[in-house]
1. Can you tell me which residue among Lys41, Lys31, Lys69, Lys79 is surrounded by fewer than 17 Cβ atoms within 10 Å (Cβ to Cβ), more than 15 Å from the chain's Cα centre (by Cα) and either within 22 Å of Leu172 (Cα to Cα) or among the hydroxyl-bearing types (Ser, Thr, Tyr) (or both)?
2. Return the total of residues in the stretch 255-282 being closer than 16 Å to Arg220 by Cβ and of a type in the set (Lys, Arg).
3. What about Ala255, is it surrounded by 14 or more Cβ atoms within 10 Å (Cβ to Cβ), touching a His at 6+ places or on another chain (Cβ under 8 Å) and outside the structural domain of Arg192 (by the TED database)?
4. Of everything in the stretch 218-244, what is within 20 Å of the chain's Cα centre (by Cα) and either assigned to a loop (DSSP other than H, G, I, E, B) or of a type in the set (A, V, I, L, M) (or both)? Give them in sequence order.
5. Scanning for something closer than 23 Å to Val210 by Cβ, assigned to a loop (DSSP other than H, G, I, E, B) and touching a residue at least 60 places away in the same chain (Cβ under 8 Å), does the stretch 125-146 turn up at least one residue?
6. For the stretch 64-92, which residues satisfy the criterion of being touching a residue at least 24 places away in the same chain (Cβ under 8 Å) and over 22 Å from Val149 (Cβ atoms)?
7. Applying the selection to the stretch 44-57, what residues are in contact with a strand residue (DSSP E or B) (Cβ under 8 Å, 6 or more places away or on another chain) and buried (at least 17 other Cβ atoms within 10 Å of the Cβ)?
8. Among what's in the stretch 95-115 and is small (Gly, Ala, Ser) and more than 21 Å from Arg127 (Cα to Cα), pick the residue that is surrounded by the fewest Cβ atoms within 10 Å (Cβ to Cβ).
Amino acid sequence: MLLIFGFFIYMMMKASGGSKGGGPFSVGKSKAKLLGEDQIKVTLDDVAGVDEAKEEVGEIVDFLREPQKYEKIGGKIPKGVLMVGPPGTGKTLLARAIAGEAKVPFFSISGSDFVEMFVGVGASRVRDMFEQAKKKAPCLVFIDEIDAVGRHRGAGMGGGNDEREQTLNQMLVEMDGFADNEGVIVIAATNRPDVLDKALLRPGRFDRQVTVGLPTVKGREAILAVHIKNITTGDDIRPDWIARGTPGFSGAELANLVNEAALFAAREAKDKVSMSDFEKAKDKILMGSERRSMAMTEKEKLLTAYHEAGHAIIGRLMPEHDPVYKKMMDLLVAKAAEG
């Protein structure tokens, strides 16, 4: 029994960061990271490719700056904003930009940080986080991947699910308990809005939903312009061409594309990044690294050339088809061999 009790105390101290002075009774303290208003250097001008979402959240900045303007005529400031969109589209960046634009403190936490192995820990962390936020009001609280804690109640079985439901219940209570003039706005992000509990989405909690989707070709061009200015480029760089050749890329993938292009240029000891480096980077991202061990025979190359030429001819003849971007036979990758 003593061994079991000792192990239990050790696990509590480990979960609470006891080695850093947290102590075994700090297990219920919030894990939210706080950035002061002077620590956030990002503003809405630094966010590109999601103009519609920026317009929708721009009003939140005004709420935080001048809440009295809305309160004096009886208006109620929204308590929560849910950002919905695929991974890598800039939901976290947009939330930070709102705080940076409004110059207010910014609390950030992941939904998975609330739930631990001990019953009641998640609910305690929710209470502690909102208590801290009220002391720093006006401020923003950002919960990333809220679906980790906000799923439909009763959707599973077992103690872990009970703990998650207790955490969700406490979050619902805290958001209901905001006074109208608290000045605390909760922003949450998810790419799975379909699994969220309906009670979380009702007006009075998350009043607004903002879709942060994949960027259009113009959006991709704007995002590329933001990242390209951080590298040394040649005169042949055409962000508009790169944007046309990257349909379906998210903001994070475009940032990775620019970085990969810079790495290709550095490997070849170039002084500047050229369009050929971007082409190599895109091919690597889309098709993987070159595999010389899978080199085709001359006959296989000829058959593949006939096959791909058919695609190119049909694409050229169909007026609404995407333009033929380029032809290549030198990049012998696994996918080309399989296709």
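1. The unique qualifying residue is Lys31.
2. 1
3. Judged against the criteria, Ala255 is a match.
4. Those that are within 20 Å of the chain's Cα centre (by Cα) and either assigned to a loop (DSSP other than H, G, I, E, B) or of a type in the set (A, V, I, L, M) (or both): Ala222, Ile223, Leu224, Ala225, Val226.
5. There is at least one residue in the stretch 125-146 that is closer than 23 Å to Val210 by Cβ, assigned to a loop (DSSP other than H, G, I, E, B) and touching a residue at least 60 places away in the same chain (Cβ under 8 Å).
6. Selection gives Leu64, Arg65, Pro67, Glu71, Lys76, Ile77, Gly90.
7. Ala53, Glu56, Val57
8. Residue satisfying both the conditions and the ranking: Ala97.
The values are calculated or read from the model by the stated rules, or taken from the named source; none is laboratory data. Keep in mind it's a predicted model, so treat the numbers as computed, not measured. When we count neighbours, we look across all protein chains shown, and the Cβ atoms used for this are built from the backbone with ideal geometry, even at glycine.
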